Amino acid sequence: MNRRQFLIASAASASALGTFALSQAASRPLPIIPLTDLTEGIDARVPLNLVSATHDFGNGAASQTLGINNSYLGPVIRAKQGQTLPFDVSNTIGDVSTIHWHGLHIPGDVDGGPHQEIADGGVWSPDVPIAQHASMNWFHSHMHGKTAQQTYNGLAGILLIEDDASLSADLPQTYGVDDFTLVLQDKTFDAGGRMSYELTGEVFEEGFEGDTMIVNGAIAPVSQTVLTGLVRLRILNACNARFLELSMQTGTLTVIASDGGFLSSAVEAESILMSPGERYEVLVDMNDIETNALNVNLDGGGGGIYGGLFGGDPLTTLLTLSRTGDQGFAGSMPNRLANIDAPRPQDATVTRSFELQMDVGADLAALAMAWDNFCGDAMAMAINGQPMKMDRIDETVHKGDTEIWRIAVDEDLHPFHIHGCSFRILSQSGAEPPAYAQGWKDMVHVDEGWSEVLVKFEHEAATDAPYMYHCHILEHEDCGMMGQFTVT
Ligand code: C2O
Ligand code: CU
Ligand code: CU
């Protein structure tokens, strides 16, 4: 029995589950996140207001959320290489926060890491210089000890960078028409249908995994009508901890870009495994097909909740695309995309090794009780034996150097992230990375064996505004699986 058949078969008995379960089965329209397009020019400072709000995820209940200019999540900001973005980030959430620009190659003092706190009632006004090429980036809370809950509650948004090549490329780029941004997350809702987040010892250990997928703040599946032609999906895994194995209902995924920009040529993949924090762009050919769907296999790397719920079939539809007759983007699948020189392994002058440690002997259940749903400065996980400390610099990098960073773990699968750069993956858990992960990245999967990345550091970060490197399972990060480095 596939999922659709299961839903039909269970509709008769759904009353036993109550109306909340029933409404979950219906398909909702894909929310198009409001766009702030700066590519034509910037004539004023750009406000980003961190607010507390209530939001309906599509089940009729008013959930307590955080948002950035919106009731949940932030805008999609579109900017261009060469611009300097004058943000005014104001905070009225009732707690201190920060906003980090994940993926941007920018100096440490505007990076928005845990040192650039924005007090409740305060405003942070960084001028963010965009030096890098076209790429999909994002921003989210990086408040040390509170990153997990603040990001879960909604403090995250998208920053798309375009450049001359991407703007003139033969690719779909009409926002909300043939170019869609998808923010994928998992949530848990309580009996009243309100979003909930509860830390336990187990959640500290595994990271928080919800039992309901949402897309752009609406409970999946969502649906969208599109024109005949190519459709571009820019996808972010913004889950706190869940890896997502994505596939199309029909055909392969045509992957054109990863975290740091375009691949050198498109890669066809049966499925892609996305860790929290990763971005991929894919093209879907809607020329000869009436409908297609983006599915997630929730047994693929991030737990089996859906596998149990849906009678052993772990495939869940996130987004259904249905075609109308009208002609849309008429271009063809590209073969050459980008030609940006990658660093060469033989240029690396420094090699550093990092061991991510889950188990440093802390009583996670006791910590969860003590910290009241925040991770606090829990010091319960570590890198190279040291839990993250705000006043300790772990590594000092020389600006302009090319380095090899080797990462290993004591147990389980973890997504490792470095601030202020993009890198190339030389090996991922001891093996060659899949073809779609061989372009520019700022995330690498680490389980057994060493993962190695080749990275050149081109921007400065001083002792009072260092860069971070960390596991992007946000509960692990908050728990201390993070370190700090300077570039001078
Ligand atoms: Cu997406 Cu240090 O974070
Ligand atoms: Cu980052
Ligand atoms: Cu981790």
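The values are calculated or read from the model by the stated rules, or taken from the named source; none is laboratory data. Computed from a predicted model, the values in this text were never measured in an experiment. No Cβ is skipped: glycine too gets one built from the backbone with ideal geometry, and neighbour counts run over all protein chains shown. Side chains are part of the model used for accessible areas, which takes the heavy atoms of the whole protein and leaves out ligands, DNA and RNA. Shrake-Rupley method; radii C 1.70, N 1.55, O 1.52, S 1.80 Å.
Here is how the numbers come out for the structure above:
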read-out: Test result for VAL96, open to solvent by 10 Å² or more (accessible area, probe 1.4 Å), within 15 Å of ligand 1 (Cβ to nearest atom), at pLDDT 95 or above and not basic (Lys, Arg); value: no
read-out: Residue within region 116-128 that is more than 16 Å from ligand 3 (Cβ to nearest atom) and within 19 Å of the chain's Cα centre (by Cα) present; value: no
read-out: The lone exception for ASP88 - which of (1) open to solvent by 10 Å² or more (accessible area, probe 1.4 Å); (2) within 16 Å of ligand 3 (Cβ to nearest atom) it fails; value: (2)
read-out: Strands (runs of 3 or more DSSP E) contained in region 433-488 and holding at least 1 residues modelled with pLDDT of 95 or more, within 15 Å of ligand 1 (Cβ to nearest atom) and aromatic (Phe, Trp, Tyr); value: 467-471, 482-487
read-out: Region 341-359 - residue that is open to solvent by 60 Å² or more (accessible area, probe 1.4 Å) and modelled with pLDDT under 85 and, of those, farthest from ligand 1 (Cβ to nearest atom); value: ASP341
read-out: Residue that is under 22 Å from LEU171 (Cα atoms), in contact with a strand residue (DSSP E or B) (Cβ under 9 Å, 6 or more places away or on another chain) and surrounded by fewer than 23 Cβ atoms within 10 Å (Cβ to Cβ), where the choices are GLY251, GLY260; value: GLY251
read-out: Any hit, region 373-380, residues being part of a strand (DSSP E or B), hydrophobic (A, V, I, L, M, F, W, C) and more than 16 Å from ligand 1 (Cβ to nearest atom); value: no
read-out: Some residue of region 389-396 being crowded, with 21+ Cβ neighbours inside 10 Å and either within 16 Å of ligand 3 (Cβ to nearest atom) or more than 14 Å from GLU477 (Cα to Cα) (or both); value: no
read-out: Residue within region 465-475 that is away from ligand 2 (no atom under 16 Å from the Cβ), of a type outside the set (Val, Ile, Thr), under 22 Å from HIS140 (Cβ atoms) and open to solvent by 10 Å² or more (accessible area, probe 1.4 Å) present; value: no
read-out: Residue list for region 31-70, restricted to those being in a loop (DSSP other than H, G, I, E, B), acidic (Asp, Glu) and within 18 Å of GLU162 (Cα to Cα); value: GLU40
read-out: Cβ pairs under 7 Å, 6+ apart, first in region 386-413 and touching a residue at least 12 places away in the same chain (Cβ under 8 Å), second surrounded by 13 or more Cβ atoms within 10 Å (Cβ to Cβ) and of a type in the set (Ser, Thr, Tyr); value: ILE393/THR463; ILE393/THR486; THR396/THR486; VAL397/THR486; ILE407/SER451
read-out: Hits in region 427-453 (condition: touching a residue at least 60 places away in the same chain (Cβ under 8 Å), open to solvent by less than 50 Å² (accessible area, probe 1.4 Å) and among the aliphatic types (A, V, I, L, M)); value: ALA437, MET443, VAL446
read-out: Only listed residue being away from ligand 1 (no atom under 16 Å from the Cβ), open to solvent by 30 Å² or more (accessible area, probe 1.4 Å) and touching a helix residue (DSSP H, G or I) at 6+ places or on another chain (Cβ under 6 Å), chosen from THR188, THR225, THR200, THR174; value: THR200
read-out: Candidates ALA21, ALA16, ALA11, filtered to the one that is open to solvent by 60 Å² or more (accessible area, probe 1.4 Å), over 22 Å from the mean Cα position of the chain (by Cα) and at pLDDT below 95; value: ALA16
read-out: Filter result (at pLDDT below 95, away from ligand 3 (no atom under 16 Å from the Cβ) and in a loop (DSSP other than H, G, I, E, B)) within region 402-431; value: GLY430
read-out: Residue count for region 361-377, restricted to those that are open to solvent by 70 Å² or more (accessible area, probe 1.4 Å) and modelled with pLDDT of 80 or more; value: 3
read-out: Failed criterion for GLY420 (all others in (1) away from ligand 1 (no atom under 16 Å from the Cβ); (2) at positive phi hold); value: (1)
read-out: Selection status of ALA437, among the hydrophobic types (A, V, I, L, M, F, W, C) and more than 20 Å from the chain's Cα centre (by Cα); value: no
read-out: Considering residues of region 404-420 that are touching a Lys or Arg at 6+ places or on another chain (Cβ under 9 Å) and surrounded by fewer than 22 Cβ atoms within 10 Å (Cβ to Cβ) only, the residue farthest from ILE130 (Cα to Cα); value: ARG406
read-out: Region 96-108 residues that are over 19 Å from VAL76 (Cα atoms), paired with ones that are of a type outside the set (Gly, Ala, Ser) and within 11 Å of ligand 2 (Cβ to nearest atom) (beta carbon under 9 Å, 6 or more apart); value: SER97/HIS142; GLY108/HIS419; GLY108/TYR467
read-out: Residue match in region 161-169 (condition: under 28 Å from ILE93 (Cβ atoms), more than 16 Å from ligand 3 (Cβ to nearest atom), at pLDDT 95 or above and open to solvent by 20 Å² or more (accessible area, probe 1.4 Å)); value: no
read-out: Residue tally, condition out of contact with any helix residue (DSSP H, G or I) (no Cβ under 8 Å at 6 or more places or on another chain) and farther than 13 Å from ASP259 by Cα, over region 417-428; value: 1
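Residues checked against (1) among the hydrophobic types (A, V, I, L, M, F, W, C); (2) open to solvent by less than 30 Å² (accessible area, probe 1.4 Å); (3) within 12 Å of ligand 1 (Cβ to nearest atom):
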position: GLY112; (1), (2), (3): no, yes, yes
position: ALA119; (1), (2), (3): yes, no, no
position: SER125; (1), (2), (3): no, no, no
position: VAL128; (1), (2), (3): yes, yes, no
position: GLN132; (1), (2), (3): no, yes, no
position: MET136; (1), (2), (3): yes, yes, no
position: HIS140; (1), (2), (3): no, yes, yes
position: THR147; (1), (2), (3): no, yes, yes
position: TYR152; (1), (2), (3): no, yes, no
